[in-house]
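These notes concern the structure reproduced below.
The values are calculated or read from the model by the stated rules, or taken from the named source; none is laboratory data. Remember, predicted model here, so these are calculated numbers, not experimental data. Cβ placement follows ideal geometry from the backbone for every residue including glycine, while neighbour counts extend to all protein chains displayed.
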Amino acid sequence: MTDTENTSVESGDTPPDRLAINPKSPFFDADKLQRGIGIRFKGVVRNNVEEYCISEGWVRVQAGKSFDRKGQPLTIKLNGPVEAWYEDLGDNPPIAAA
């Protein structure tokens, strides 16, 4: 299998290693976010994740209802095992995990 085939299969079935919902982040990707990303952190499905990194094992979540002076939510980084999948693939999607 060539590198392009491997990349297309990987990007089609599993989410990227790192993804953010903030459009100002270099890890923002609107096309992948539109598909719907499911996140399991420490065995619990979370729906309030601002950014995640599977290989480094962390998620960023909003810290309360606080905002910084630029209007962005204040976030905290939580460390632990992270799993991600595309929600549009049905009941048994391939899961990206470290």
Note to self: Quick check on this structure: which one of Ala84, Ala63 is of a type in the set (A, V, I, L, M, F, W, C) and in contact (Cβ under 8 Å) with a residue 40 or more places away in the chain?
What the structure shows: Ala84
Note to self: For the list (1) on the phi > 0 side of the Ramachandran plot; (2) assigned to a loop (DSSP other than H, G, I, E, B), I need the number of the one condition that Gly64 fails.
What the structure shows: (2)
Check: Looking at Leu89, is it at negative phi, touching a residue at least 12 places away in the same chain (Cβ under 8 Å) and touching a Ser or Thr at 6+ places or on another chain (Cβ under 6 Å)?
Finding: no
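Looking at Asn47, Asn6, Asn22, Asn79, which is the one that is on the phi < 0 side of the Ramachandran plot, modelled with pLDDT of 95 or more and polar (S, T, N, Q)? Working first, answer last.
Details: Asn47 fails: modelled with pLDDT of 95 or more; Asn6 fails: modelled with pLDDT of 95 or more; Asn22 fails: modelled with pLDDT of 95 or more.
Going through Asn47, Asn6, Asn22, Asn79 in turn, the sole match is Asn79.
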Next item on the list: Take region 17-40 and flag every residue that is surrounded by 15 or more Cβ atoms within 10 Å (Cβ to Cβ), in a loop (DSSP other than H, G, I, E, B) and in contact (Cβ under 8 Å) with a residue 40 or more places away in the chain.
Entry: Asp17
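Evaluate region 71-89: report whether one residue or more is more than 19 Å from Asp13 (Cβ to Cβ) and touching a Leu at 6+ places or on another chain (Cβ under 6 Å). Give the steps one after another, and end with the answer.
We begin by selecting, within region 71-89, every residue more than 19 Å from Asp13 (Cβ to Cβ); these are 71-81.
Restricting the remaining residues to those that are touching a Leu at 6+ places or on another chain (Cβ under 6 Å) gives none.
No - not one qualifying residue is present in region 71-89.
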